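Undergrad: Let me give you the structure first, and then I'll get to my questions.
What follows draws every value from the coordinates through simple rules; no lab data is involved. Keep in mind the model is a prediction, meaning the values are calculated, not measured. In this analysis, Cβ positions are derived from the backbone assuming ideal geometry, glycine residues included, and neighbour counts consider all displayed protein chains.
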Amino acid sequence: MHTPYFLIDKAHIEHNLKVLRKVMDDTGCKILLAQKCFSCYGVYPLVSQYLSGATSSGLFEARLCHEEMPDRENHIFSPAFREEDIEEICQICDHIVFNTPVQLLRFGQKAKDAGLEVGLRINPECSTQVGHSIYDPCAPGSRLGTTLKVFEESIGNNPSLLSLIDGLHFHTLCEQNSDDLKTTLDAVVARFGKYLHHMKWINFGGGHHITRSDYDISLLESCIIEMRDKYSLQVYLEPGEAIALNAGYLCASILEIQPADEQGISNVILDTSAACHMPDVIEMPYTPPLQHSRIISSDELHNPTNSNYIYRLGGPTCLSGDIIGLYQFDHELCVGEEILFEDMAIYSMVKTNTFNGMPLPDIYIKDSSHDIHLWKSFTYHDFKHRI
Ligand SMILES: *Cc1c(COP(=O)(O)O)cnc(C)c1O
């Protein structure tokens, strides 16, 4: 196995799927995989055994679900659809969610005539994320979702709009617990409650960290049951992260260790890159967990208690900021040593790129009997072909 490579742990994915399946069984809700987070279709047969289907951000993801998760529900949402995609979407999807009443008016009847269920994404104007506006669809100026004001003006101008809508969709959370869902749901009901009686379903979106150890599943279930019973709604959830949380690794090798600076920290160059292989490290930003080490905060760096074996790990690209983080190890690192980043199945493979001509990491899948299979390998051709 040549580094860098991703390793997907199917047993852990199945563990997550069992947790999600129990929520479905307890409440009658349907749970979909949000493919934008994780679309390694080598495990879609496993996902299909547990979940109701998948959701897509556009035609390509919808096609992937159609091909690799046949017999399951295929939902699609986009902030704006392309005219030329609508026909194929209508053939392969069974639910379509529009972002605005204008989009709904443009394409809604066509989708309904083709037999799809039609939804509208709402903006409940309830921010529950602090200091993270890039992931907050309720932030001021958001282009995602329809506010109550816009909704009511549109219905005022065109009362037949309401009869096009089978369900409402909101997506406002990111890596959050069910207390924030509860807060959001209260805002949804306060604003849109009077329309919920007209609906068949409500989609709570993603961002529910259901498979994280401190997640309050019983509060989630009571939120679902309340909407189900009070308004006779089918509830959908469409998490991405919760399906593949902690179910993947990125293995890399140490190419070079530079001499220590005055603080005793050495720069280490790896054969993986934050910019190319884990862009969320820079975009979000966050520091990924790494086996046999601990993350050093910058506070700690300025007040060190023990500064042995602290390294700054970075990629081999020309970007100065291609830094994965500062880590303390329990031993001295050496060139050629392999290290394993954890929780690397989510928003990683779907976001890789070949900036600087970086090779893409191969992808391996470890099955439940611990056998490891090569799923995808990449070459120079993959770099050349895309440009
Ligand atoms: C991103 C997204 C999801 C999945 O979010 P996770 O944070 O991965 O659970 C679901 N629905 C929509 C509309 C999204 O944009």
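Undergrad: Once you list every other residue whose beta carbon is under 15 Å from the beta carbon of PHE329, what net charge do they have if Lys and Arg are +1 and Asp and Glu are -1? Spell out each step's value before the answer.
TA: On the way: positive: ARG294, ARG312; negative: GLU300, ASP330, GLU332, GLU337, GLU338, GLU342.
That works out to -4.
Undergrad: May I ask you to order 269-278, 181-190 by the average number of other C-beta atoms within 10 Å around their residues, highest value first?
TA: Values: 269-278: 24.1, 181-190: 18.4.
The peptides rank, most packed first, as 269-278, 181-190.
Undergrad: Using the number of other C-beta atoms within 10 angstrom as an exposure proxy, rank TYR286, TYR249 with the fewest first. Can you show the working numbers first?
TA: Working: TYR286 14, TYR249 23.
The most exposed by this proxy come first: TYR286, TYR249.
Undergrad: I'd like the distance between the alpha-carbon centres of the stretch 110-185 and the stretch 302-356, rounded to an integer number of Å.
TA: Their Cα centres are 38 Å away from one another.
Undergrad: List the relative contact order of the stretch 10-244 as a percent without decimals, with contacts defined as Cα pairs under 8 Å and 6+ residues apart. Please list the in-between numbers first.
TA: Details: 446 pairs, mean separation 50.4, N = 235.
Once divided by the residue count of the stretch 10-244, the mean separation gives 21 percent.
Undergrad: What's the exposure ranking of LYS110, LYS18, going from fewest to most Cβ atoms within 10 Å? Spell out each step's value before the answer.
TA: Values: LYS110 15, LYS18 11.
Neighbour counts put them in this order, fewest first: LYS18, LYS110.
Undergrad: Moving on. Percent antiparallel among DSSP beta bridges with both residues in the chain, to the nearest 5? Don't skip to the answer; put the middle values down first.
TA: Working: 25 of 61 bridges.
Looking only at bridges with both residues in the chain, the antiparallel portion is about 40 percent.
Undergrad: Ok, one more. Note the per residue figure in Å³ for the convex hull of the C-alpha positions in the stretch 10-244.
TA: On the way: hull volume 27.2 nm³, N = 235.
For the stretch 10-244, the hull spanned by Cα atoms encloses 116 Å³ per residue.
Undergrad: So what's the back-of-envelope 222 nm ellipticity for the chain, counting only DSSP H runs of four-plus at -39500 (n - 2.57) apiece and dividing by all residues, rounded to 500?
TA: On the way: 14 runs with 126 residues, N = 387.
One gets -9000 deg cm²/dmol as the mean residue ellipticity at 222 nm.
Undergrad: Mind checking which lysines have their C-alpha under 25 Å from LYS384, skipping anything on the same chain fewer than 8 residues away?
TA: Correct list for LYS384: LYS36, LYS351, LYS376.
Undergrad: Between helix 148-157 and the chain, what is the angle of the helix's C-alpha long axis to the longest principal axis, kept within 0 to 90° and rounded to the nearest 10?
TA: 40
Undergrad: Let me ask you something else. Hey, fewest Cβ within 10 Å first, where do ASP85, ASP229 land in order?
TA: Working: ASP85 16, ASP229 9.
Listed from fewest to most nearby Cβ atoms, that is ASP229, ASP85.
Undergrad: Next question, about the same structure. Going by alpha carbons, how many degrees (0 to 90, nearest 10) lie between the helix axis of 178-196 and the longest principal axis of the chain?
TA: It is inclined by approximately 20 degrees.
Undergrad: Relative to the longest principal axis of the C-alpha atoms of the chain, give the angle of the C-alpha long axis of helix 217-231, reported between 0 and 90° and rounded to the nearest 10°.
TA: Around 20 degrees separate the two axes.
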